[in-house]
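The values are calculated or read from the model by the stated rules, or taken from the named source; none is laboratory data. All figures in this text were calculated on a predicted structure; none of them were measured in a lab. Every residue, glycine among them, receives a Cβ derived from its backbone with ideal geometry; neighbour counts consider all protein chains shown. Just the protein is used for accessible areas: all its heavy atoms, side chains included, with ligands, DNA and RNA removed. Shrake-Rupley method; radii C 1.70, N 1.55, O 1.52, S 1.80 Å.
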Amino acid sequence: MQSSGHRLRDVEHHPLLGGEEDFEGPPGDGERVWFIRDGCGMICAFMTWFLVLYADFVVTFVMLLPSKSFWYALINGVAFNCLAVLALSSHLRTMLTDPGAVPKGNATKEYMDSLQLKPGEVIYKCPKCCSIKPERAHHCSICKRCIRKMDHHCPWVNNCVGENNQKFFVLFTMYIAIISTHALILSGLQFFSCVKVQWSECSDFSPPVTVILMIFLCLEGLLFLTFTAVMFGTQIHSICNDETEIERLKNEKPTWERRMRWEGMKTVFGGQPSLLWINPFAGLRLRRLLPRAARRGGPEFSV
């Protein structure tokens, strides 16, 4: 296809591409919460929440509350529940954040003309979502959108991991790995203490129920720890090398200037190292979570 002296192909880039305009809906469309309506992804996301809440139930009500040591129960209970809140918050931010979707259907003659391309200049066009793709964008068949710096689509968070939500995905894997380790340590201590005394004295539940609940918790902890620790390491490696998982699997030669390792970390997590790096609430705009009628004319709050 040729128009006005430039060419539109399925393979090439243009530096001006990658704006946030949405060609699908009316003004204000960008304020909607991002959510992928994928059956498998929604089931996996529900299972993630269920398993985390199950672990929290077993740790709190089976192991800590019946403990005879007040400080042991208090310190471990507060720590575990705070980490669980951070993990689930990171999961929500990953799932409900636009990962960097390219405007859909923007490969129009009017938009092409507005780019003021030079004669003979070639740009990318995605034949699946009819969008002009910026450099390092890839099409996701589940999200049905091209995603900037797409790393992979994760069903456990029911979303792609891309330019805008990679930080939250890394935090999710980190916090899940930590609480899995914490749960396994508490389970080991609980088994050891219950063996020394009567099982009926170390839990408010019957001995068979206690053993079954703790065995399932240990299996869950081992699986979650293995999976999230590997994912966390893979993500940190990708960030430091400024290379997404798709680019690594496709063995794509970088046409961009790679950032140094520290610069990559600062780009993903935002600014200089601080507690904001590990805070899943950083940058959260409460205004977007409120109904339009309630927020009309009101100030915009940031956490």
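Brief remarks on what is shown
- Residue identified as within 30 Å of F192 (Cβ to Cβ) and either in the same structural domain as N158 (by the TED database) or modelled with pLDDT under 95 (or both) among L92, L64, L96: L64
- Consider the stretch 154-194 and keep the residues that are open to solvent by less than 10 Å² (accessible area, probe 1.4 Å) and more than 20 Å from the chain's Cα centre (by Cα). The one that is modelled with the lowest pLDDT is C194.
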